[in-house]
1. (1) at pLDDT below 95; (2) touching a strand residue (DSSP E or B) at 6+ places or on another chain (Cβ under 7 Å): which one isn't true of L96, the others all being true?
2. So, in region 56-86, how many residues would count as being touching a strand residue (DSSP E or B) at 6+ places or on another chain (Cβ under 6 Å), of a type in the set (A, V, I, L, M) and open to solvent by 10 Å² or more (accessible area, probe 1.4 Å)?
3. With respect to E126, is the statement that it is loosely packed, with under 15 Cβ neighbours inside 10 Å and in contact (Cβ under 8 Å) with a residue 40 or more places away in the chain true?
4. What number of residues in region 49-66 are farther than 17 Å from L35 by Cβ and part of a loop (DSSP other than H, G, I, E, B)?
5. Within the bounds of region 78-93, is there any residue that is part of a strand (DSSP E or B), of a type outside the set (D, E, K, R), over 18 Å from V120 (Cα atoms) and at pLDDT 95 or above?
6. Go through the residues of region 160-176 one by one and say whether even a single one is in a helix (DSSP H, G or I) and in contact with a Lys or Arg (Cβ under 8 Å, 6 or more places away or on another chain).
7. Looking at region 40-47, is at least one residue surrounded by fewer than 21 Cβ atoms within 10 Å (Cβ to Cβ) and closer than 24 Å to S138 by Cα?
8. Can you pull out the residues in region 118-140 that are in contact with an Asp or Glu (Cβ under 9 Å, 6 or more places away or on another chain) and within 16 Å of G25 (Cα to Cα)?
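The values are calculated or read from the model by the stated rules, or taken from the named source; none is laboratory data. Just so it is clear, the structure is predicted and the values come from calculations on it, not from any experiment. Here Cβ is always computed from backbone atoms with ideal geometry, including for glycine, and neighbour counts include all displayed protein chains. Heads up: the accessible areas ignore ligands, DNA and RNA and are worked out on the full protein's heavy atoms, side chains in. Shrake-Rupley method; radii C 1.70, N 1.55, O 1.52, S 1.80 Å.
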Amino acid sequence: MERHGPQGFNDQLHPEWVEAYIALGSNVGNREKQLQDALQLLDQHPAIEVTRVSAIYETDPVGYTDQPAFLNMAAALRTTLEPLQLLHVMLEMEKLLGRTRDIRWGPRTIDLDMLLYEGVALEGEELMLPHPRMMERSFVLVPLYDVMQDGHVLQDEVRAIAQQALLDRGEGIALWNTINWQGASAHSGS
């Protein structure tokens, strides 16, 4: 199947499509719907295609613990946006979905974090890639492993940590549900 990017051009004309991995989390309101709404917003953007989504996992809060449990998941994206452009799009989507930033690590309708961006290591004030704390967080690594491309340079390390977290229920992580994602992208050509 041939994939199409923005304006219907095929991939051979737009070689700048790259893969990025993001984490999604919610612990306010209808948590599962918030995750699904975020995925839809991402996939409707003309320069983003959601290609794979993880299962949804429920986890205990980390950092600020006096709040409800989170639902967390990860998604693999194809995008033509540069890392900072993608970050700004994700921040705007958080605002659209009612995200406020009152308490560090506090309750939120939606949280979108960029974890990895193909071939990019970045250490800036606004964005660090790979995400600086992702290897310490089961709630990130378990869903990330679900969507990680075979052969990814971090796959073995992520798998080992994710499998151990599921065994010992690190951060209270437990499978919550799955989303039947069919890549319903308006620009995916399917």
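1. The one condition L96 does not meet is (2).
2. 1
3. yes
4. First pass over region 49-66, keeping only residues farther than 17 Å from L35 by Cβ: 49, 60, 62-66.
Of the ones still in play, those that are also part of a loop (DSSP other than H, G, I, E, B) are 60, 62-66.
Total satisfying the criteria: 6.
5. Of the residues in region 78-93, the ones part of a strand (DSSP E or B) are 78-79.
If we keep only those that are of a type outside the set (D, E, K, R) as well, we get 79.
Subset that is over 18 Å from V120 (Cα atoms): none.
Checked region 78-93: no residue is part of a strand (DSSP E or B), of a type outside the set (D, E, K, R), over 18 Å from V120 (Cα atoms) and at pLDDT 95 or above.
6. yes
7. As a first pass, look at region 40-47 and keep what is surrounded by fewer than 21 Cβ atoms within 10 Å (Cβ to Cβ): 40-41, 44, 46-47.
Next cut, closer than 24 Å to S138 by Cα only: none.
No, region 40-47 contains no residue that is surrounded by fewer than 21 Cβ atoms within 10 Å (Cβ to Cβ) and closer than 24 Å to S138 by Cα.
8. H131, M134, R137, S138, F139, V140 - these are the residues of region 118-140 that are in contact with an Asp or Glu (Cβ under 9 Å, 6 or more places away or on another chain) and within 16 Å of G25 (Cα to Cα).
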